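Colleague: Once you've had a glance at the structure underneath, I'll fire off some questions.
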Amino acid sequence: MKIDQLYRQIIMDHYKNPRNKGLVDDASYLTIHLNNPSCGDELTIQLKIENNRIIDVKHQGHGCSICCSSASVMSDTIKNKTVDDALAIIHEFYEMIKGYSFNDQILTGEPVVYQGVSQFPARIKCATLAWKAAEKGLETKGGTKKHDG
Ligand code: ZN
């Protein structure tokens with residue numbers, strides 16, 4: 001099997017069987033809503049953070065397969081990470097999506113299936129929407145940004 005076929009299978013698996021899907025009615029979760037007008041994607045992410053660690057991630061939304069599957073992959077990826085580790089992973093994800101070299105010690109596992117998106121600029125916002133929402137939530141929790149200033 002070619003690697004891009006394998007990647008496509010992983011993306012479709014997350015699209016059809018999303019992990020951590022569904023919102024909770026719980027005020028201890030941070031809720032972040034973002035949309036991507038260029039594609040019509042709409043996404044809500046919820047994060048539960050305790051002692052600087054992300055102990056739960058939820059997501060719900062409508063959109064294309066790239067956007068919805070990416071929310072599922074993101075939720076699996078940052079769950080149980082510290083806020084700073086998650087922000088570092090998100091930063092490397094953006095580098096990869098833009099087609100730049102990225103640190104494969106920090107960004108490991110399923111998120112690398114979106115590498116090919118860098119060749120389709122119109123889809124970059126789809127792939128990063130969930131990660132942007134998570135980043136927004138983590139930054140309000142006082143995580144330190146990789147690049148200050
Ligand atoms: Zn989209």
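Colleague: Using the Karplus curve 6.51 cos²θ - 1.76 cosθ + 1.60 with θ = phi - 60°, work out ³J(HN,Hα) for each residue of region 97-107 in order, rounded to whole Hz, and write x for Gly and Pro.
Modeller: Along region 97-107, the couplings run 5, 7, x, 8, 5, 9, 7, 7, 7, 8, 9 Hz.
Colleague: From the alpha carbon gyration tensor of the chain, can you work out the equivalent ellipsoid semi-axes (sqrt of 5 times each eigenvalue) and give them in Å, largest to smallest? Intermediate values should be presented prior to the final figure.
Modeller: Numbers: eigenvalues 101, 65, 41 Å².
They are 22, 18, 14 Å, listed from largest to smallest.
Colleague: In a shell of Cβ-Cβ distance under 15 Å around Arg123, excluding Arg123 itself, what net charge do Lys and Arg (+1) and Asp and Glu (-1) give?
Modeller: On the way: positive: Arg8, Lys98, Lys125, Lys132; negative: Asp4, Asp41.
Taking every other residue near Arg123 into account, the sum is +2.
Colleague: With contacts defined as alpha carbon pairs under 8 Å and 6 or more residues apart, what's the relative contact order of region 3-148 in percent? If you can, show how the numbers build up before the last one.
Modeller: Working: 240 pairs, mean separation 38.4, N = 146.
Rounded, it is 26 percent for region 3-148.
Colleague: What's the local net charge at Cys64, with K and R +1, D and E -1, over the other residues with C-beta under 12 Å away? Before the final figure, lay out each step's value.
Modeller: Details: positive: Arg123, Lys125; negative: Asp41, Glu42.
Net local charge, Cys64 excluded: 0.
Colleague: Also, I was wondering about something else. Which translational diffusion coefficient, to the nearest whole µm²/s, is obtained for region 4-49 from the Stokes-Einstein equation, given a Kirkwood hydrodynamic radius over C-alpha pairs, 37 °C and 0.692 mPa s? The partial results should precede the final answer.
Modeller: Working: Rh = 12.8 Å.
Reported coefficient: 256 µm²/s.
Colleague: Something else: Rounding to the nearest 20 debye, state how big the charge dipole of region 3-148 is about its Cα centre with +1 on each Lys and Arg Cβ and -1 on each Asp and Glu Cβ.
Modeller: Details: 17 positive and 18 negative charges, 39 e Å.
For region 3-148, the charge dipole is close to 180 debye.
Read-outs throughout are calculated quantities, based only on the coordinates presented, and are distinct from any laboratory measurement. Keep in mind that this is a model prediction, so the values were computed, not measured. In this analysis, Cβ positions are derived from the backbone assuming ideal geometry, glycine residues included, and neighbour counts consider all displayed protein chains.
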